[in-house]
Every structure is written in C-alpha cells, then in structure tokens.
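These notes concern the structure reproduced below.
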Amino acid sequence: MSYTKTEENYLKAIYGLESKFGKSVSTNDLANKLKTKASSVTDMVKKLSKKELITYEKYQGVSLTKCGKEIAINIIRNHRIWEVFLVEKLGYKWDEVHEIAEQLEHIKSEELVDRLDDFLEHPSFDPHGDPIPDKKGNIPTRKKAIQLSELGIGEEGIIVGVKNTNNEFLQYLEEMNLTLGKKIQVEKEFDFDKSKIIKTDNQSVTISKEVSSHLIIEKK
C-alpha cells in the first residue's frame, strides 16, 4: 500500500515522540511537533487509525501499530542515509542537509535506498550522530555514550552526536570547532552555572551547561 508524504510525516513524528516520552502521544504534542492545528491532527489520526497504522483512543493518545512503526523506521532510515550521502559525497555541511533529506526520504524506490546504503558501505550513524536503522529495522546503539555535561574534570571523550540539530546550533559548533569526531577533555567546571572549559585541538573554549547537555560524547 502506498502512503502520502503527509501520512508518512505523521508516522515519523509519532515515532519520535513515542521514543522520547516512552508512552502514547497526545494530539496536542503531535500538533506542536508538526506545527499544525489540533483539528488537522484529529482528522489525520482518524485516517491513520482506519488504515491500521496507529491506535487511537480519545483522551488516551496515539500509538503506532507494528505496521506503522515499520513505516516510520523506514522513513527515518531513508532520511539518515540521504544525509550521509549529501555530506560525504556531495560536500554539503551538516547544517545544510536536513531539509533536503526531508524531501528525499519520501522517494518510493526501496532498491534505490538499498543501493545507496551499499555505496556508502552501510553507515551506522548519520552526520549528526543519530543511528541509522538497517534494512530489518534494527537500530545501532553506542554503549558508552553520555552527555558532555556528565563528563568530569580531567575526563576525555570523542564527540559522536548532537541532541539539537537546529541549524544555528550546528553553525555555532562549527565555529567552536566542536564537530563529530573531535577529541575533547574537560579542564574546568564552574560551580556558578556548570559551564565548562574544554580542550580540543590544543585550544580551550568555554561552553554553557545547555550546550554541553546537547553534545553526545563517547567516553575514553
């Protein structure tokens, strides 16, 4: 069965919210996520429920069915594989690829994405450090991944991901030389606001607690 771009976007949004909160998704949260009216969400939820892609009970929220989850994971897989291709093979920056991948993720050719995955040698993570589901829907994990805010003074790690993919934040990280693969060490933490001085590439920079909470580190 074929699904519209809007339907696929709803399934992807529901999956993201379910993963984040670990429970059924409210229609209000879904409306905020998709930046649309609650009435529009209600209409789409009814359609998706009829197609047995979600379960929905009034006042109880929305949950993906097995089929709905498989579709959502496949769209996420497509999106992240395209992001890798855009960065690694076409020279885009990591803050330039999200909107393009949003369009490319809806291409219906499964064979095309599989060939792209083969061409890229089956990457496990996208340019922002997010896991790329494999063809069977299995999602890779990092065993030692923590937030930079959890790293203590003197401890080292490698930047492996970001929790915030806002373009302005990614551009800020570029300016601060805090990109994926960079080795960092915490030199000092201020009691006043929990900001940190960290060292990377023989230079020290000060970052706020908010920034450090959005950087994912693989501890050395």
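The values are calculated or read from the model by the stated rules, or taken from the named source; none is laboratory data. These figures come from a predicted structure and were not determined experimentally. Here the Cβ positions follow ideal geometry from the backbone for every residue, glycine too, while neighbour counts run over all protein chains shown.
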Seminar exercise, completed: Looking across the range 90-100 at residues that are surrounded by fewer than 21 Cβ atoms within 10 Å (Cβ to Cβ) and in contact with a helix residue (DSSP H, G or I) (Cβ under 8 Å, 6 or more places away or on another chain), the single one that is nearest to Ile139 (Cα to Cα) is His98
Exercise. Are any of the residues in the range 14-33 small (Gly, Ala, Ser), surrounded by fewer than 18 Cβ atoms within 10 Å (Cβ to Cβ), in a loop (DSSP other than H, G, I, E, B) and not assigned by TED's automatic domain parsing to the domain that holds Lys163?
Worked result: yes
Problem set entry | Where a residue in the range 165-181 is farther than 19 Å from Glu88 by Cα and its partner, wherever it lies, is surrounded by 15 or more Cβ atoms within 10 Å (Cβ to Cβ) and among the aliphatic types (A, V, I, L, M), with Cβ under 9 Å and at least six apart | Phe169/Val162; Phe169/Val211; Tyr172/Leu178; Tyr172/Val211; Met176/Val205; Met176/Ile207; Met176/Val211
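Would you confirm whether any residue within the range 188-201 is out of contact with any Phe, Trp or Tyr (no Cβ under 7 Å at 6 or more places or on another chain) and under 30 Å from Lys69 (Cβ atoms)? Explain how you work it out, then say what you get.
Keep residues of the range 188-201 that are out of contact with any Phe, Trp or Tyr (no Cβ under 7 Å at 6 or more places or on another chain), which gives 188-201.
If we keep only those that are under 30 Å from Lys69 (Cβ atoms) too, we end up with none.
No - not one qualifying residue is present in the range 188-201.
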Exercise. Do the conditions hold for Ser26, that is, is it hydroxyl-bearing (Ser, Thr, Tyr) and more than 29 Å from Glu110 (Cα to Cα)?
Worked result: yes
For this session: Return the only residue of Ile153, Ile197 being more than 23 Å from Asp130 (Cβ to Cβ), free of Cβ contacts under 8 Å to residues at least 12 places away in the same chain and aliphatic (A, V, I, L, M).
Result: Ile197
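Quick check: anything in the range 151-167 in contact with a strand residue (DSSP E or B) (Cβ under 7 Å, 6 or more places away or on another chain) and within 12 Å of Ile81 (Cα to Cα)? Explain how you work it out, then say what you get.
Step one: of the range 151-167, the residues in contact with a strand residue (DSSP E or B) (Cβ under 7 Å, 6 or more places away or on another chain) are 151-163.
Narrowing the set further to residues that are within 12 Å of Ile81 (Cα to Cα) leaves none.
Within the range 151-167 (the criterion being in contact with a strand residue (DSSP E or B) (Cβ under 7 Å, 6 or more places away or on another chain) and within 12 Å of Ile81 (Cα to Cα)), the answer is no, since none of the residues qualifies.
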Exercise. Do you know which of the residues in the range 48-66 that are in a helix (DSSP H, G or I) and surrounded by 15 or more Cβ atoms within 10 Å (Cβ to Cβ) is nearest to the chain's Cα centre (by Cα)?
Worked result: Leu48
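Test Glu99 against the criterion of being in contact (Cβ under 8 Å) with a residue 12 or more places away in the chain and in a helix (DSSP H, G or I), and give yes or no. Before you say what the answer is, go through the steps one by one.
Numbers: in contact (Cβ under 8 Å) with a residue 12 or more places away in the chain: no; in a helix (DSSP H, G or I): yes.
No; evaluated as a whole, the condition is false for this residue.
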Seminar exercise, completed: Of the candidates His128, His106, His122, His79, the one satisfying the condition of being over 19 Å from Gly22 (Cα atoms) and part of a helix (DSSP H, G or I) is His79
Exercise. In this structure, is Arg115 part of a helix (DSSP H, G or I), of a type in the set (D, E, K, R) and either outside the structural domain of Leu215 (by TED's automatic domain parsing) or at pLDDT below 95 (or both)?
Worked result: yes
